[in-house]
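These notes concern the structure reproduced below.
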Amino acid sequence: MDIVVRGKNRSVPVRLRATTRDKVAKIARFTHDAGRVEVDFSEVRTARIDGRQLCEITVHLKRRFLKAHAAAAEPEAALDLAIDKVEHQVARVKDKRVSRTHGRRTSNGADSSDGETVDDAGALDGDSVASPTIVKTKRFAAKPMDPEEAALQMELLGHAFFLFTNTETGHAALLYWRRDGNLGLIETVS
């Protein structure tokens, strides 16, 4: 795993650089496909003294990358907070991979096909199905761009999908990462 430690508009002391490498190397416990980890330290100009030191961590996995950032009074504390966030994200990715490969299991550890039936909504017999609710709504102006520029923007932001207006067709479009590591494009038609 390649670990890059940088300072944005500041220098990173040798002790902090060594501590960062030691702590970030522990991420390898959770995943085997972390090829590169970038750690950026910066100081934010703010009135709050307790949140001036910012640490951003980007973990490049084979098919995606994870980002986390945290602010604290000291760079070491910001590093610890950001590492906690990244470890949580890496563990979630690992859990998704494991659940996909091992199938769905019931609470007693048996496969759901061992006598209980699953209905179309995915609930076991006797379970009530709650309808999903919208808990957050975002509105933004979709910038007109071509799909290549949208792919670049999506990578830079670290998102799994990107909504934009396609300049080639003039319609709303959604660019997303496929499970095979390629990109998919969904467009509206009139």
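The values are calculated or read from the model by the stated rules, or taken from the named source; none is laboratory data. Just so we're clear, the structure is a prediction, and the values are computed from it rather than from any experiment. Positions of Cβ are backbone-derived with ideal geometry, glycine not excepted, and every protein chain shown enters the neighbour counts. All accessible areas refer to the heavy atoms of the entire protein, side chains included, with ligands and DNA or RNA removed. Shrake-Rupley method; radii C 1.70, N 1.55, O 1.52, S 1.80 Å.
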Q: Give the number of residues within the stretch 40-65 that are within 23 Å of the chain's Cα centre (by Cα) and at pLDDT 85 or above.
A: 11
Q: Report, ordered by the first and then the second residue, all pairs with beta carbons closer than 7 Å, sequence separation of six or more or different chains, a first member in the stretch 176-190 that is without any contact (Cβ under 8 Å) to a residue 12 or more places away in the chain, and a second member that is part of a strand (DSSP E or B).
A: 178/184; 184/176
Q: Quickly run through the stretch 153-168 and pick out the residues that are of a type outside the set (Val, Ile, Thr) and part of a loop (DSSP other than H, G, I, E, B).
A: 158, 159, 160, 168
**Q.** So residue 19, is it in contact (Cβ under 8 Å) with a residue 60 or more places away in the chain, out of contact with any Cys (no Cβ under 7 Å at 6 or more places or on another chain) and under 17 Å from residue 158 (Cβ atoms)
**A.** no
Q: Could you list all residues from the stretch 5-35 that are farther than 20 Å from residue 74 by Cα and not in a helix (DSSP H, G or I)?
A: 30, 31, 32, 33, 34, 35
Q) In the stretch 36-80, which residues are in a strand (DSSP E or B), open to solvent by 20 Å² or more (accessible area, probe 1.4 Å) and more than 27 Å from residue 180 (Cα to Cα)? A) 43, 53, 54, 56, 69, 71
Q) Here are some conditions: (1) at pLDDT below 85; (2) under 17 Å from the mean Cα position of the chain (by Cα); (3) loosely packed, with under 12 Cβ neighbours inside 10 Å. Residue 155 meets all but one. Which one does it not meet? A) (3)
Q | Out of 98, 86, 90, sole residue that is at pLDDT 85 or above and either touching a helix residue (DSSP H, G or I) at 6+ places or on another chain (Cβ under 7 Å) or surrounded by fewer than 16 Cβ atoms within 10 Å (Cβ to Cβ) (or both) | A | 86
